[in-house]
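Here's the structure, in structure tokens; my notes come after.
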Amino acid sequence: MASILIVDDDQSFRRAFSKTIHSLGYGVSETADALEAIELAKQADLVFLDLKLKDQDGLDLLQKIQKLDKKPPVIILTAFSNSFNTIEAMKRGAFDHLAKPIKRQEIREVIERALNSNLSLPSLKIQPEEQEDIIGQSPSMRRVQKFIGFAASCDYPVLISGETGTGKQLVARAIHRHSSRGVGPFVEINCAAIPEHLFESEFFGHTKGAFTGAFKDRRGKFVEASGGTLFLDEIAEMPLPMQAKLLKALSEKRITPVGSETTFPVDVRIVAATNKNLLDLVMNGRFRDDLFYRIQVLQIEIPPLRERKSDILLLAEYFLDKYFAGSSKKISFDAQKVLLEYSWPGNVRQLENVIRRAGIISRGQLINVGDLEISPLIDKEPKLEKEGFLQLDFFSAIAKLEKFLIEKALKESQGNRSEAARLLNIHRSLLYIKMKEHRIDI
């Protein structure tokens with residue numbers, strides 16, 4: 001019979017939890033004392049540990065248990081979960097991180113998983129600042145937070161995928177901040193914003209006179225990120241020739257600036273992000289398979305906001321407090337209902353813009369439906385009439401399709417032209433030209 005230890009200073013919870021575990025057929029011991037917990041953990045097959053104890057922080061006790069010769073899996077329990085304590089718990093080696101109250105079936109499943117695993121993650125130093133930046137309590141976001149913890153515990157490349165506006169950059173920054181490289185630089189480069197002929201210079205730097213306009217030596221992003229993290233946003237937009245050069249730099253951990261014959265060692269951790277299916281691009285020959293497998297050691301998929309509706313109001317309140325702290329503004333019940341019914345094609349970024357605008361234009365302390373300027377009734381995909389479309393000549397059909405796509409992107413981005421250009425995968429200047437050409441005004 002497996003022996004399970006419960007460490008919690010809430011006596012009523014501890015005893016009820018103990019009864020549940022005993023009824024599942026396991027031996028149980030319990031304590032509220034941190035020193036006693038370490039002794040009991042030496043004989044335990046599994047430990048349930050409360051995050052906040054009276055005499056010691058649960059994460060500190062977790063690290064002490066991790067140093068035992070026989071390290072039992074440790075499951076952290078908390079009544080107040082947030083992204084910070086979830087990430088830190090997983091990074092320090094917790095098997096799982098659960099929020100109270102916990103259902104009987106969930107207890108059964110996590111015990112079975114833990115007892116069948118000998119998972120052990122390395123322990124790293126905690127960052128002093130507790131920053132709650134990955135907002136969400138839905139199961140899917142809790143999973144993202146746990147994977148951030150896994151990623152922070154090692155130095156392997158990470159690929160973050162998800163739709164536009166889901167928060168890929170926030171996840172990348174969280175991985176960096178919680179990792180051993182958190183004291184180093186976090187350097188971001190948007191692969192969609194670099195002209196093809198400047199990619200190599202942006203990444204690896206150049207020497208004076210290397211090409212027309214190179215009036216002085218320039219450090220590239222690899223050198224700027226030395227000792228830290230290099231975040232490659234929209235990596236799917238990187239041209240194939242540059243993909244080969246990036247792969248070489250990652251394999252050799254050395255770079256050669258444009259115009260130089262000297263190679264230099266580099267020490268960076270790569271975190272990449274994309275809103276596209278890279279595997280599909282690999283199959284279509286538009287992304288190198290060897291680079292894909294190089295950067296996809298760990299992958300974190302961020303769910304769209306429409307798939308985690310339980311986080312919508314939590315995020316809305318967070319943005320309200322972020323932009324209007326001290327104003328006592330609240331969201332009316334009807335407005336909350338609209339927020340929950342809307343499908344959020346622009347995801348968290350769109351929700352943030354909606355709340356910020358609503359807070360500005362609302363009169364008084366209550367944000368009403370009209371202040372949101374969104375409605376489930378208008379949240380429908382624009383339609384392109386097939387019959388009429390097929391009757392057009394080639395150039396008229398192309399023009400109609402262009403106008404349709406631009407209007408759709410502007411609608412999804414709530415009129416944000418920069419975001420619409422990102423959705424269309426075109427430069428903002430081209431969007432302006434096409435809007436003028438098709439007489440689209442917002």
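In this entry, PRO257 passes the filter for residues that are surrounded by 21 or more Cβ atoms within 10 Å (Cβ to Cβ), in the same structural domain as PHE186 (by TED's automatic domain parsing) and farther than 30 Å from GLU163 by Cβ.
In the stretch 260-284, which residue that is surrounded by 15 or more Cβ atoms within 10 Å (Cβ to Cβ) and hydroxyl-bearing (Ser, Thr, Tyr) is nearest to ARG177 (Cα to Cα)? Write out each step before concluding.
Here is the first cut: in the stretch 260-284, the ones surrounded by 15 or more Cβ atoms within 10 Å (Cβ to Cβ) are 260, 264, 266, 268-276, 278, 281-282.
If we keep only those that are hydroxyl-bearing (Ser, Thr, Tyr) as well, we get 260, 274.
Details: SER260: 33, THR274: 20 Å.
That would be THR274.
Going through (1) in contact (Cβ under 8 Å) with a residue 24 or more places away in the chain; (2) under 24 Å from LEU230 (Cα atoms); (3) loosely packed, with under 15 Cβ neighbours inside 10 Å one by one, PHE287 falls short only on (3). Would you check if LYS322 is within 22 Å of the chain's Cα centre (by Cα), exposed (fewer than 15 other Cβ atoms within 10 Å of the Cβ) and either under 16 Å from SER138 (Cα atoms) or not polar (S, T, N, Q) (or both)? Here the answer is yes, as LYS322 does meet what is asked. Residues considered: HIS197, HIS206, HIS178. Of these, the only one that is of a type outside the set (Phe, Trp, Tyr) and without any contact (Cβ under 8 Å) to a residue 40 or more places away in the chain is HIS197. Taking the stretch 1-107 and the strands (runs of 3 or more DSSP E) fully enclosed by it, no element has 2 or more residues that are in the same structural domain as GLY182 (by TED's automatic domain parsing), out of contact with any Leu (no Cβ under 9 Å at 6 or more places or on another chain) and within 30 Å of VAL171 (Cβ to Cβ).
Count of the stretch 47-97 residues, restricted to those that are within 20 Å of PHE13 (Cα to Cα), touching a residue at least 60 places away in the same chain (Cβ under 8 Å) and surrounded by fewer than 23 Cβ atoms within 10 Å (Cβ to Cβ), is 2. Per the listing ARG269, ARG294, ARG286, ARG308, the residue uniquely within 30 Å of GLY213 (Cβ to Cβ), charged (D, E, K, R) and modelled with pLDDT of 90 or more is ARG286. Restricting VAL271, VAL282 to those that are assigned to a helix (DSSP H, G or I), in the same structural domain as HIS178 (by TED's automatic domain parsing) and in contact with a Phe, Trp or Tyr (Cβ under 6 Å, 6 or more places away or on another chain) reduces the list to VAL282. Those helices (runs of 4 or more DSSP H) of the stretch 349-417 in which at least 1 residues are at pLDDT below 75 and outside the structural domain of LEU339 (by TED's automatic domain parsing), considering only elements entirely within it, cover 386-390. Tell me which residues, restricted to the stretch 241-262, are assigned to a helix (DSSP H, G or I), touching a residue at least 12 places away in the same chain (Cβ under 8 Å), over 21 Å from PRO195 (Cβ atoms) and touching a Ser or Thr at 6+ places or on another chain (Cβ under 9 Å). Across the stretch 241-262, there are no qualifying residues.
The values are calculated or read from the model by the stated rules, or taken from the named source; none is laboratory data. Please read these numbers as outputs of a predicted model, since none were measured by experiment. Glycine also receives a Cβ, built like all others from the backbone with ideal geometry; neighbour counts cover every protein chain displayed.
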